[in-house]
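Here's the structure we're looking at; comments come further down.
Quick note: the coordinates plus some simple rules give every number you see, no bench work behind them. A quick note: this is a predicted structure, and the numbers were derived from the prediction, not measured. Here the Cβ positions follow ideal geometry from the backbone for every residue, glycine too, while neighbour counts run over all protein chains shown.
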Amino acid sequence: MVGRAGTKRAIFVLSGLLIVTAAAFVLSILVGSVAIPIDQIGAILTGHEPDRASWAIIVGEVRLPRALTALLAGAALGIAGLQMQTMLRNPLADPFVLGITSGASLGVAAVVLGVGTTAGAIFGAGLGLAGDAAIAAAAIIGALLALAPVLAISARVNNPATVLIIGLMFGYAVQAFVTFLVVGSSLEQLQRWISWGFGSFTGVTWPQLALFAPLLLIGIAIAGASTKPLNALLLGENYARSMGLNARRMRLLTLTGASILAGVVTAFCGPIAFLGVAIPHVARALTGTSDHRVLVPAVILAGSSLAMIAQIVALVVGRDGMLPLNAVTSIIGAPIVIVVVLRTRRGAFVG
Amino acid sequence: MSAAIIKTARLTVGYRRRRRRQPILGGLSLSVAPGEMVYVLGPNGVGKSTLLRTLAGLQRPLAGRILVDSNDLSHIRSFDLARLIGVVLSERVSVGALLARQMVALGRYAHIGWDGRLTPHDHEVVDRAIEAVRAEHLAGRDCRELSDGEGQRLNLARVLAQEPAVIILDEPTAFLDLSSRIELTALLRRLAREHGLAVIASTHDLDLALRNADSVWLADPGREVRCGTPEDLILNGAVAKAFSTAHVQFSSESLCLHVAADQAPVATVNGLGLGARLATTALEREGYRIVSEVSAAALIINIADDGSRWQALHRGANVSGTSFAALAAFARRAAMVGEPAAAAVDPPSLQAKG
């Protein structure tokens, strides 16, 4: 039957990606600023006492949650990017274009930069003075506040391109408020703000992961369950509707899912650049198909492994402390997008 | 013919803008029967697309009702509607990197479960749909590598895989080359006849439509839609009324639109077969209006059936030649001067051939 070669390739690529993901996961536990022998790490992971007690803490409280965070965040950003690209039929679409990231930034800016102003004081005091939890909460609230009007408008308009433009414009407007906050803030506050903007998978604790992981898994499950409508949307919204798709419901479901994914990741890890755009292109180039039943797992695996690799590179290259994660994702992401765009022919973008 | 599959009652189509209604076509009472091939004709902007989109359920009517298989369209759920009506739009289809067969299989959307898995029966329907458009050789190709014509044929296969009772096509031939247009038109005709499908298509290919339609819906700029068989609409002048402008006229002989030629010199062509047809083309290009009554013509051309020899009578002059180049040159001089042109001389190369 037709398509058997395609199926073979998909299985081959997905198995390869699975191996790479597993390897990247192992590597991101092995690599760190403190050298720990492999057998000791094995001992820690199997529940035995290592030679030094601090090693157990490093692996258990730093490296393992960091690796899991990168794994989940990469998959989440990739899936959100894929959903946006398919639904808006635009190769450059990603969670940023819906203003989600900008909204999250505004939330964080309000907490980090607004402390000292009346509103910031009340907000900050209530949440333990701009602690990590407060930042995460503010980012989620900001993302939702930015998204709500975009969702409301997109439920009423018929054209995905209009949604794209509205999201972009909304993002710019929100960014302007962030700028207002930046102007009036102290040096210390600015430093904190900038370091959040660098993005990082470090510092997500187990209790935070208990919130982070289920939310992302829900978002990813939404995408996994909607491969059929996503495939129908490859033909464009009008055709998809004529084939029986409830386009508005699908758009709301997908936008909500994507904003949970992007909003949560931004809240805990900062605005991670480029992964959202780049990963779907990588997955399409590797699998050679636009079929979402292959693309969704491919994006999850490619996203996880790319995020973990970026994390490892940031650790290894940035000898003292760490290289900003965003610098790494951009340096890896930009050439990937350029190569993919140049190598694939017309139509490769779409869906 | 059996009972109508689509029927409209006092239907008004148009747009809603800021709660204001902008009707485009109104008072439509149309009906289509299974196996019927309907062409929607009319100048640009007259509302053909709006009408088709409304019939397809992609847009709500401003007033009136649409009955599909005796049920009100607005009460049919989108899943069920997809099993009744399939749509081909004028926009080019670009689905990215899917195999042509996968693209066709998307048409099974309303028949399969949430996970998109195809049963053996679904595969069989997809194969039959691809066979019906004679695209078996394209099934394994990447959609990005298909030509426009091939892509549109597979898009039609996708609609067939949807197993609807009605197919609605909005200018399906708009971006196709001439042979693909003719091929697609013949294919639609065959699908209507052999598969008992009701087919409603809009087009700008006037002659193709008039030759292939069972019925024509003629939307004319006077905001009304006339329905009938093509021949009746030609005979009662409705086609000419809808399309003729100050500069363009409908010719019921060629079923085509021509540049208006009221002041044009009049010619007649005596002959049969290819020769006569080519001579007509050549004279029309030179600005002549071709009539059949010899008495009215200033220029009379007698031509051999195979086009090898011609003789022209113009104001008493009698000239003959053996190539269409010479005929065209003679006709041009005769039209300009209005005087008997000097005897045409064939270029040597053509003369040798003749």
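Which net charge results when you count Lys and Arg as +1 and Asp and Glu as -1 among the other residues whose beta-carbon is under 11 Å from that of B:T185?
+1
How crowded by other chains is A:290-297, given as the mean number of beta carbons from other chains within 10 Å of each beta carbon?
Neighbouring Cβ atoms belonging to other protein chains average 3 per residue here.
On a 0 to 90 degree scale, rounded to 10, what angle separates helix B:324-337 from the longest Cα axis of chain B?
70
Which of the peptides B:249-255, A:277-283, A:66-72 is most tightly packed, and how do the rest follow, judged by the mean count of other Cβ atoms within 10 Å per residue?
A:277-283, A:66-72, B:249-255
Considering every residue in B:74-83, what mean count of other chain Cβ atoms within 10 Å of its Cβ is obtained?
Average per residue, whole number: 3.
Three principal axis extents, largest first, for the C-alpha atoms of region B:5-59, in Å?
Answer, in whole Å and largest first: 40, 23, 20 Å.
Of all beta bridges DSSP finds with both residues in region B:96-252, what is the antiparallel percent, to the nearest 5?
Expressed as a percentage, antiparallel bridges in region B:96-252 total about 55.
Among B:278-284, B:24-30, how do they line up from the highest to the lowest mean number of other beta-carbon atoms within 10 Å?
B:278-284, B:24-30
For a paramagnetic label modelled at 7 Å from the Cα of B:I112 toward its Cβ, which residues of region A:208-251 fall within the zone defined by backbone nitrogen distances under 13 Å?
A:227-233
All other residues with a Cβ under 14 Å from the Cβ of A:G42 taken together, and with Lys, Arg as +1 and Asp, Glu as -1, what is their net charge?
-2
Write down the percent of antiparallel bridges among all DSSP beta bridges whose residues are both part of the protein assembly as shown, to the nearest 5.
Around 60 percent of the beta bridges assigned by DSSP in the protein assembly as shown are antiparallel ones.
May I have the pair-distance distribution P(r) for region B:27-140, computed from all Cα-Cα distances with 10 Å bins from 0 and rounded to whole percent?
10, 34, 34, 19, 2
Just tell me how shielded B:156-165 is by partners: mean number of partner chain Cβ atoms within 10 Å of each residue's Cβ, no decimals.
Mean inter-chain Cβ contacts per residue within 10 Å come to 1.
What would the Debye formula give as log10 I(q)/I(0) at q = 0.12, 0.19 Å⁻¹ for the alpha-carbon point model of region B:239-331, no solvent?
-0.37, -0.86
Give me the mean projected area, in nm² to one decimal, of the convex hull enclosing the Cα positions of region A:215-351.
For the Cα atoms of region A:215-351, the hull's average projected area reads 8.8 nm².
Measure of size requested: the Rg and Dmax of the protein assembly as shown, with Cα atoms as the atom set and Å as the unit; please supply both.
Computed over the Cα atoms of the protein assembly as shown, radius of gyration and Dmax are 34.0, 121 Å.
How fast does region B:119-260 diffuse by Stokes-Einstein, in µm²/s, taking the Kirkwood radius from C-alpha pairs at 4 °C and 1.567 mPa s?
78
In terms of modelled amide H atoms, which long-range or inter-chain residues lie less than 5 Å from the amide H of B:G64?
Sorted by chain and number, the residues that satisfy this are B:T12.
Per 20 Å bin from zero, what fraction in whole % of the C-alpha pairs of chain A is there, up to the bin with the longest pair?
Pairs per bin, as whole percents: 30, 56, 14, 0.
Over region A:131-198, with a single point scatterer placed on each C-alpha, what log10 of the ratio I(q)/I(0) does the Debye formula yield at q = 0.25 1/Å?
These q points yield log10 I(q)/I(0) values of -1.14.
Given 4 °C and 1.567 mPa s, compute D for chain B with the Stokes-Einstein relation, Rh being the Kirkwood radius over Cα pairs; round to the nearest whole µm²/s.
Reported coefficient: 56 µm²/s.
Under the classification rounded if a/c is under 1.5, otherwise prolate if a/b is larger than b/c and oblate if not, where does region B:230-281 fall, given a ≥ b ≥ c as square roots of the Cα gyration tensor eigenvalues?
Oblate.
Just to be sure I follow: if Rg is taken over the C-alpha atoms of region A:258-320 and Rh is the Kirkwood radius over the same atoms, what is Rg/Rh?
1.03
Taking only the Cα atoms of region B:196-268, how large is their convex hull per residue, in Å³?
107
Beyond 17 Å, what share of the Cα-Cα pairs of region B:90-183 is found? Please give it as a whole percent.
48
Number of Lys pairs in the protein assembly as shown with C-alpha atoms less than 28 angstrom apart, excluding same-chain neighbours closer than eight positions?
Eligible lysine pairs with Cα atoms under 28 Å apart amount to 4.
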